[in-house]
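The values are calculated or read from the model by the stated rules, or taken from the named source; none is laboratory data. It should be emphasised that the depicted structure is a prediction, and the values quoted were computed from it without experimental measurement. Positions of Cβ are backbone-derived with ideal geometry, glycine not excepted, and every protein chain shown enters the neighbour counts.
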């Protein structure tokens, strides 16, 4: 007798052979090319002095590229700004991947009620292991750089809990942070016992990974185009190996959020409401576009103090007045850097709309990404100018 005759539920991945095969193949290929050992080796061998005289990615992916600071910097300072972009970008990735490790397991637990869930959860176990390798590599290299250049933290931070705001530099306060933590913890509990809501974490993860995929492909281009990849600066090689892993992670997110969800009963009104709140939450997190970091949707005023400290450091050796003026000129005036970041923001928004287009449980206004689309150059300038007044009053 066929073993599936004894299943107590009609919800089964086994009956969707196409999706099951896709998931199994994606996991098999991910396991075969697992970059964890390479990342461990690269981070252990990293010495900043050996690669500080090279660009690690395209110039446009440099801290405050296209602003007055970039235009007036020496060649050595421009390379440092290129390196600091790498540090800032991957510190943000660390924050996201800390949450991913926990929520992979919490959301995966929600799939226990679906027969034959193992093919999904085994793949998630591997991905969580890879995330730990990513975090270790990014953290070691970033902390080494900041210690070598500044002797103190700028963008790095001690390890943090999964429920801390994913965006490192954000527009928040203690009340907002507390409420966000309560929402994330509530969702994590709900998702462990609900297959549909468990799948919705991967809709969120897919959107977030999609933006990362768009940027990280460009960060890897130095290595992709090189005839001798092993001769490239170690941070460039780390970007490349991380991009390879994340490509499979994105495939997982899309398969679960678009295909596995079809093996689950249609969502209730409550489940749809939670799902649409999750998608709106992504838009709120990604509302801003940062003049300082093209491709990371940070709240610029939260960066002012860090940028000020960088400008006051021996690397730029500005006095107080010059550093404050530079912050003002870089963030409160229209620049090519601001327009570049706005373009990346809009490209991400269009890709998010495409990703959600065929998900009929997402409301039309959420699919349109209308909240995220409300930010403009004009709004950004007003927000940054208001933040600058508070920044100056803080001295």
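Observations, loosely collected:
- Enumeration of residues in segment 311-334 that are within 28 Å of residue 378 (Cα to Cα) and either in a loop (DSSP other than H, G, I, E, B) or touching a strand residue (DSSP E or B) at 6+ places or on another chain (Cβ under 9 Å) (or both): 332, 333, 334
- From the list 284, 262, the lone residue that is modelled with pLDDT under 95 and either in contact with a strand residue (DSSP E or B) (Cβ under 6 Å, 6 or more places away or on another chain) or farther than 24 Å from residue 387 by Cβ (or both) is 262.
- Among the residues making up segment 30-60, those that are surrounded by fewer than 17 Cβ atoms within 10 Å (Cβ to Cβ), under 21 Å from the mean Cα position of the chain (by Cα) and either without any contact (Cβ under 8 Å) to a residue 40 or more places away in the chain or assigned to a helix (DSSP H, G or I) (or both) are 40, 59.
- Flag for residue 69 being in contact (Cβ under 8 Å) with a residue 12 or more places away in the chain and either assigned to a loop (DSSP other than H, G, I, E, B) or within 14 Å of residue 234 (Cα to Cα) (or both): no
- Looking only at residues of segment 225-238 that are in a helix (DSSP H, G or I) and without any contact (Cβ under 8 Å) to a residue 12 or more places away in the chain, we find that the one that is surrounded by the most Cβ atoms within 10 Å (Cβ to Cβ) is 229.
- Output for segment 360-393, where each listed residue is over 30 Å from residue 269 (Cβ atoms) and surrounded by fewer than 15 Cβ atoms within 10 Å (Cβ to Cβ): 376, 377, 378, 379, 382, 385, 386, 389, 390, 392, 393
- Verdict on residue 76 being touching a strand residue (DSSP E or B) at 6+ places or on another chain (Cβ under 9 Å), surrounded by fewer than 20 Cβ atoms within 10 Å (Cβ to Cβ) and assigned to a helix (DSSP H, G or I): no
- Residue 347 in a helix (DSSP H, G or I), under 16 Å from residue 282 (Cβ atoms), under 24 Å from the mean Cα position of the chain (by Cα) and in contact (Cβ under 8 Å) with a residue 60 or more places away in the chain: yes
- Checking segment 208-224 against the condition returns a match, with at least one residue being modelled with pLDDT under 90 and either exposed (fewer than 15 other Cβ atoms within 10 Å of the Cβ) or not in a helix (DSSP H, G or I) (or both).
- Selection from segment 262-294 of residues that are over 21 Å from residue 184 (Cβ atoms) and more than 19 Å from the chain's Cα centre (by Cα): 262, 263, 264, 265, 266, 268, 269
- Scanning segment 147-160 for residues that are in contact with a helix residue (DSSP H, G or I) (Cβ under 8 Å, 6 or more places away or on another chain), touching a residue at least 60 places away in the same chain (Cβ under 8 Å) and outside any loop (DSSP other than H, G, I, E, B) turns up at least one hit.
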